[in-house]
Amino acid sequence: MSKLKIIINKSYCLTLIASFFIIDINAQLSGDPGEIIAVKAEENLKGSDYAISIEGSLYQLIPLPYSNQGEYIKHEGKSIYINKRDFGESRISIENTSLVDLNKEDSDRAYKESKIIKETLNTYTRNIKPDFNLIKPVEGIISSRYGKKRFINDKPRSPHLSLDIAAPEGTTVVSPAKGNIILVGNFFYSGNYIVIDHGYGLLTSYSHLSKVSIEENQIVEKGQKIGAIGSTGRVTGPHLHWTVYFEKIRINPELIIQENFLKKLLLNQK
Ligand SMILES: [Zn+2]
C-alpha cells in the first residue's frame with residue numbers, strides 16, 4: 001500500500017513540475033507593441049512562414065501589433081503578451097481647416113486612395129528574401145517617433161505608427177534594403193508616395209516626397225536613391241513619414257534599423 005502511494009505522489013509531482021514548466025514558457029513570450037520577437041522555429045514550419053537563420057539556429061520572427069497592448073495575441077498556437085507602453089503624444093495645429101475637415105471631393109479621393117494603398121500593403125511575395133539589416137532611408141532629425149497618440153487641432157486621431165525624419169527639402173532618400181517598387185503615386189494625405197516590397201511580408205512606405213526617382217516594378221538595391229525629402233500631401237514641414245510593415249503589422253522603424261538587429265533579437269530571445 002505504502003509503495004503505491006509513493007508512486008502516485010511521484011507522478012503527481014512530475015505533472016506539477018511539467019505544468020509549471022509549460023506555464024513558465026508561455027509567460028516568457030512577451031514584448032513591446034511595434035516590436036519583432038524571435039521564437040525558435042519549429043521543424044514543421046509551413047511554406048509561407050519566414051524562418052531566418054541567426055547564429056546557426058532557425059527562428060521565426062513575429063511582429064507585435066500596437067493595437068493589442070495589455071492583451072495576449074495568438075500566433076500559430078503560441079500565446080504572446082503585448083506589454084502596455086506609453087509612447088507619449090503629439091499635438092499639432094493645422095490652420096487650413098479644409099485639410100482637416102475634408103469636403104466631399106477630397107474625402108472621396110482620400111477614401112479611394114486608402115483602398116489602393118491598403119491593397120498594396122497586403123502584398124506578400126517571395127522573390128526577394130530580406131536580410132533584416134536595414135539602413136536609415138535618410139539622414140535627418142527624428143521629429144516624431146512611433147506610437148505617439150496624435151491630436152490635430154485638439155481632436156484625437158489615429159496613433160502615429162511611423163517614424164518622421166525631418167531634413168531640408170531635396171535631401172536624398174534611399175531604399176533601406178533591396179526591394180521591388182510596388183506603388184508610386186500622388187495621394188491626398190501622403191503626397192508623393194512610394195511603397196517598396198522587400199519580400200516575405202516586409203514592406204516600407206515613404207510619404208511627402210518632393211521628387212520620386214524610380215518607377216513602379218523597378219528593383220532597387222540597398223542604398224539606391226528613390227526620391228527626395230519634401231512637404232507634399234498633408235504636412236506641417238519637409239520630412240519623411242516612414243512606415244515599416246511586417247506581415248501587415250506596422251512595426252517600430254527605429255528598432256529595425258539598429259545595427260545587428262537580428263543578433264539583438266536573440267538577447268531578448270523568448
Ligand atoms: Zn509621420
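The values are calculated or read from the model by the stated rules, or taken from the named source; none is laboratory data. Small disclaimer: the values here were computed from a predicted structure and weren't measured. Neighbour counts are summed over all protein chains in view; Cβ atoms, including those assigned to glycine, are modelled from backbone coordinates with ideal geometry. Ligands, DNA and RNA are excluded from the accessible area calculation, which covers all protein heavy atoms including side chains. Shrake-Rupley method; radii C 1.70, N 1.55, O 1.52, S 1.80 Å.
Worth pointing out:
- Considering (1) without any contact (Cβ under 8 Å) to a residue 60 or more places away in the chain; (2) more than 22 Å from the chain's Cα centre (by Cα), the lone condition that residue 209 does not fulfil carries the number (2).
- Any hit, the range 134-156, residues being part of a strand (DSSP E or B), more than 16 Å from the ligand (Cβ to nearest atom), in contact with a Phe, Trp or Tyr (Cβ under 7 Å, 6 or more places away or on another chain) and farther than 21 Å from residue 109 by Cα: no
- Against the conditions (1) open to solvent by 60 Å² or more (accessible area, probe 1.4 Å); (2) closer than 21 Å to residue 236 by Cα; (3) of a type in the set (S, T, N, Q); (4) in contact with a Lys or Arg (Cβ under 7 Å, 6 or more places away or on another chain), residue 93 satisfies every one except (4).
- Any hit, the range 200-220, residues being within 15 Å of the ligand (Cβ to nearest atom), assigned to a loop (DSSP other than H, G, I, E, B) and in contact with a strand residue (DSSP E or B) (Cβ under 9 Å, 6 or more places away or on another chain): no
- Residue 184 falls short on exactly one of the conditions (1) crowded, with 19+ Cβ neighbours inside 10 Å; (2) within 16 Å of the ligand (Cβ to nearest atom), and that condition is (2).
- Among the residues of the range 221-255, those that are farther than 16 Å from residue 182 by Cα and not in a loop (DSSP other than H, G, I, E, B) comprise 228, 239, 240, 241, 249, 250, 251, 253, 254, 255.
- Cβ-Cβ under 6 Å pairs, at least 6 apart or on other chains, the range 142-153 side closer than 18 Å to residue 238 by Cβ and assigned by TED's automatic domain parsing to the domain that holds residue 252, far side of a type in the set (Asp, Glu) and near the ligand (Cβ under 9 Å from one of its atoms): 143/164; 144/164
- Just one of the listed residues (265, 163) is away from the ligand (no atom under 16 Å from the Cβ) and either under 18 Å from the mean Cα position of the chain (by Cα) or open to solvent by 50 Å² or more (accessible area, probe 1.4 Å) (or both), namely 265.
- Residues that are under 30 Å from residue 80 (Cα atoms) and open to solvent by 30 Å² or more (accessible area, probe 1.4 Å), drawn from the range 219-244: 241
- Filter result (within 18 Å of the chain's Cα centre (by Cα) and part of a strand (DSSP E or B)) within the range 188-199: 193, 194, 195, 196, 197, 198, 199
- Scanning the range 115-157 for residues that are more than 17 Å from residue 193 (Cβ to Cβ) and either surrounded by 15 or more Cβ atoms within 10 Å (Cβ to Cβ) or under 16 Å from the mean Cα position of the chain (by Cα) (or both) yields a total of 19.
- Members of the range 228-262 found to be within 16 Å of the ligand (Cβ to nearest atom) and among the small types (Gly, Ala, Ser), listed by number: 230, 231, 233, 237
- Scanning the range 209-218 for residues that are crowded, with 16+ Cβ neighbours inside 10 Å and out of contact with any Asp or Glu (no Cβ under 9 Å at 6 or more places or on another chain) turns up 209, 211, 212, 213, 214.
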